[in-house]
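Colleague: Quick one: this structure, given as structure tokens, is what I'll be asking you about.
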Amino acid sequence: MPGSIRNFRDRTYSQSKRVSRPVVVMKSTRACLAVLDFGTGGGKCVIFDHAGQRLSSIRHPWDFISVRSSHEELTPGFAFDPESMWNTLARCTREAIDQANIAPEEIVAVTSTSLRLGTVFLDRRKQEVYCAPNLDGRGFAGALELLDAVTRETIVSTTGHWPPFLSSAARLITYQKEPTAEPVAHVLSLSDWLGYRLTGEITSELSNAGESFLLDIAERRWSQELLEAAGISPSVLPPISANGARIGSIHAAAAAATSLKSGTPVFLGGADTQCALLGSGVVDPFEAGVVLGTTAPVMAISDTPCVDLAGKVWAGCHVLPERWTLESNAGETGSAWDWMLDLLGIHGADRYEVAENLMAEVTADDERDSAVVSFGHPQVFDLDQYNPHRMVGFGFRQSAFRGPVGPGRGQVLRSFLRNIAFAIRGNLEQLEEKLPAPPNRCTLSGGMSRSPSLQVEIARSLHLPLHLSAEPEATALGAAILASVGVGLHGDRKAAVHEMVQVTVIPPDPELRDAYDRQYAAWQEVFAATKQVSFLP
């Protein structure tokens, strides 16, 4: 391993410290919290104890169903079978209880979290008649109608979001035009739907409601103006409750399916990214967080809504009261990383360790002056300039003085991680333009944050103090924090965060900062030059 990388990693782990937390006296030493998580690639149940210690985590994969879309090329249609997904989550819950080696009655509270931009419609009998994940584009025609009925400025200033093509509002407008469609009685987000499946009660929480294009994020209520413009009856929208509020209790059918005890209280969780912020301690204004999962949302916290009328970045509601989020997104990261490993023939259970070992062979000279520039899937968020056929790839120098004809696998892999780090920096700079003050620190969470090489690349690329969530399941932990306060295990959210969240501090690496600044400037040039270059089908 080159000395510069080894020394940096040694400093990272020897100088990093767990942030001290005050001791909170709990009501029960065996009080546990169960979180159901509806994800893009699968369902999950995670169980924590009252101090935030993860006791079990069970995940099973699932697939969405490809369905017909009237604009297939631009907006493919996807649906899911509600019974299949519910049965998968119920199985996860049963197995998580077994893995944790606890009795169902030791779970004192249940909550849920989910991917955003998902939609479920229920009819008057409370039966699912439309189930859409975040990828579903069947609302394209409805989005065009909405854009004809109300100005872009009104939509963005009210909802903080743009454009509305994957929204619940657009899907409902389109669905209501179908002559054979069952009348819709309730419109739910996916986390709302999980709460309904667990309790039979219907309610909504703010972080996912903000993705519907029907919520006034400043007032934290449904927008009458947008409802009228969309031709949507207010009666189909659930009452909004605060994140962490009690929905109801586990009913008998859910208890039989999940092994949870009937009557266990259920609390509103929230959207996956906002829960991950809470679960990694990103709660105060001007703190930033990056959730390194399938994609990489980049968020900063504010105490007032910061709306971008240009639509480049999104504003929304945090899962905390009097807190809002400003969001950009580095695009495909975890999914693109897996694709890279597959492409380079790196397979097996130890594939990530193999990749780390390959990257450790990169020389110190190449760290300062990379022979490879990646302009892959990770990018700077701008849906107005989105090009679905954009050229992505790698550029490298061919030189007899550098030995082989082209770079090795370790160089290519490291350049891809550097691409992620530079995309995160570009997205943070985009947020900074709209915030009253720049972010004062950045916290990493999510599965890819476990990569030591990616930690190094991000630490060298950002000009911010960098924290690392000690719990990779930060999304589930954030939801558990909400439930812990709701059930009374902690007096308030601040106490719960101090007790349940732990982070390590990754020290800066000033030695290579200038070199990375130069490489970042070069990456920006390549990214700009290729942004509108298309490989047309």
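Colleague: If you go through segment 53-63 one residue at a time, do you hit one that is touching a strand residue (DSSP E or B) at 6+ places or on another chain (Cβ under 6 Å), among the hydroxyl-bearing types (Ser, Thr, Tyr) and outside any strand (DSSP E or B)?
Modeller: No: zero hits.
Colleague: Tell me yes or no: at least one residue of segment 272-283 is over 21 Å from GLN502 (Cβ atoms) and either within 18 Å of the chain's Cα centre (by Cα) or of a type outside the set (Lys, Arg) (or both).
Modeller: For segment 272-283, residues over 21 Å from GLN502 (Cβ atoms) and either within 18 Å of the chain's Cα centre (by Cα) or of a type outside the set (Lys, Arg) (or both): absent.
Colleague: Grab the strands (runs of 3 or more DSSP E) fully contained in segment 65-155, keeping just those with 3 or more residues being hydrophobic (A, V, I, L, M, F, W, C) and touching a residue at least 12 places away in the same chain (Cβ under 8 Å).
Modeller: Of the strands (runs of 3 or more DSSP E) lying wholly inside segment 65-155, those with at least 3 residues that are hydrophobic (A, V, I, L, M, F, W, C) and touching a residue at least 12 places away in the same chain (Cβ under 8 Å) span 107-114, 119-122, 128-132.
Colleague: Can I ask one more? Looking for something crowded, with 20+ Cβ neighbours inside 10 Å, among the polar types (S, T, N, Q), in the same structural domain as ALA371 (by TED's automatic domain parsing) and at pLDDT below 95 - is there at least one such residue anywhere in segment 421-428?
Modeller: Scanning segment 421-428, I find no residue that is crowded, with 20+ Cβ neighbours inside 10 Å, among the polar types (S, T, N, Q), in the same structural domain as ALA371 (by TED's automatic domain parsing) and at pLDDT below 95, so the answer is no.
Colleague: Another question about this same structure. Among the numbered criteria (1) at pLDDT below 95; (2) farther than 29 Å from GLN455 by Cβ, which one does THR93 miss?
Modeller: Among (1) at pLDDT below 95; (2) farther than 29 Å from GLN455 by Cβ, the lone unmet condition for THR93 is (1).
Colleague: What about GLU228, is it closer than 27 Å to GLN127 by Cβ and at pLDDT 95 or above?
Modeller: no
Colleague: Something else about it: Which condition does THR154 not pass, out of (1) under 30 Å from GLU182 (Cα atoms); (2) surrounded by fewer than 20 Cβ atoms within 10 Å (Cβ to Cβ), if it passes all the others?
Modeller: Evaluating THR154 over (1) under 30 Å from GLU182 (Cα atoms); (2) surrounded by fewer than 20 Cβ atoms within 10 Å (Cβ to Cβ) leaves (1) as the failure.
Colleague: Continuing with this model, one more query. For the structure I just gave you, tell me whether ILE217 is in contact (Cβ under 8 Å) with a residue 12 or more places away in the chain, surrounded by 22 or more Cβ atoms within 10 Å (Cβ to Cβ) and among the aliphatic types (A, V, I, L, M). Working first, answer last.
Modeller: Working: in contact (Cβ under 8 Å) with a residue 12 or more places away in the chain: yes; surrounded by 22 or more Cβ atoms within 10 Å (Cβ to Cβ): yes; among the aliphatic types (A, V, I, L, M): yes.
The answer is yes for ILE217.
Colleague: To continue, here is another question. Scan segment 474-494 and tell me whether some residue there is surrounded by 18 or more Cβ atoms within 10 Å (Cβ to Cβ), at pLDDT 90 or above, over 26 Å from THR113 (Cβ atoms) and among the hydroxyl-bearing types (Ser, Thr, Tyr).
Modeller: No: segment 474-494 contains no residue that is surrounded by 18 or more Cβ atoms within 10 Å (Cβ to Cβ), at pLDDT 90 or above, over 26 Å from THR113 (Cβ atoms) and among the hydroxyl-bearing types (Ser, Thr, Tyr).
Colleague: To continue, here is another question. Determine which single condition ALA528 fails, assuming it passes every other condition in (1) at pLDDT below 95; (2) in contact with a strand residue (DSSP E or B) (Cβ under 6 Å, 6 or more places away or on another chain).
Modeller: (2)
Colleague: State yes or no: is SER223 more than 17 Å from ALA474 (Cα to Cα) and among the polar types (S, T, N, Q)?
Modeller: So SER223 passes the test.
Colleague: Which residues, taken from segment 223-241, are touching a residue at least 24 places away in the same chain (Cβ under 8 Å), more than 23 Å from SER207 (Cβ to Cβ) and part of a loop (DSSP other than H, G, I, E, B)?
Modeller: GLY231
Colleague: Check every one of the strands (runs of 3 or more DSSP E) wholly within segment 256-318 and list those with 3 or more residues that are buried (at least 22 other Cβ atoms within 10 Å of the Cβ).
Modeller: In segment 256-318, 287-291, 295-302, 314-317 are the strands (runs of 3 or more DSSP E) which contain 3 or more residues that are buried (at least 22 other Cβ atoms within 10 Å of the Cβ).
Colleague: Please verify whether ILE346 is part of a strand (DSSP E or B) and surrounded by fewer than 24 Cβ atoms within 10 Å (Cβ to Cβ), treating the condition exactly as stated.
Modeller: no
Colleague: Taking only pairs six or more apart or across chains, which ones have beta-carbon atoms under 9 Å, a first residue in segment 400-426 that is more than 16 Å from GLN455 (Cβ to Cβ), and a second residue that is among the small types (Gly, Ala, Ser) and modelled with pLDDT of 90 or more?
Modeller: Listed by first residue and then by second, the contacts come to PRO407/SER415; ARG409/GLY345; ARG409/ALA355; GLY410/ALA355; GLY410/ALA360; GLY426/SER328; GLY426/ALA330.
Colleague: Related question: Could you grab me the full set of residues in segment 71-123 that are out of contact with any Pro (no Cβ under 8 Å at 6 or more places or on another chain) and acidic (Asp, Glu)?
Modeller: Within segment 71-123, GLU72, GLU73, ASP81, GLU83, GLU95, ASP98, GLU105, GLU106 meet the criteria.
Colleague: Of everything in segment 242-254, what is touching a residue at least 24 places away in the same chain (Cβ under 8 Å) and either assigned to a helix (DSSP H, G or I) or surrounded by 16 or more Cβ atoms within 10 Å (Cβ to Cβ) (or both)? Give them in sequence order.
Modeller: Result: ASN243, GLY244, ARG246, ILE247, GLY248, SER249, ILE250, HIS251, ALA254.
Colleague: For the subset of segment 155-204 comprising residues that are of a type in the set (Ser, Thr, Tyr) and more than 26 Å from the chain's Cα centre (by Cα), which member is nearest to CYS306 (Cα to Cα)?
Modeller: For segment 155-204, the residue satisfying everything is THR174.
The values are calculated or read from the model by the stated rules, or taken from the named source; none is laboratory data. The structure displayed is predicted, hence computed values, not measured ones. Cβ sites come from the backbone with ideal geometry, for glycine too, and all protein chains shown count toward neighbours.
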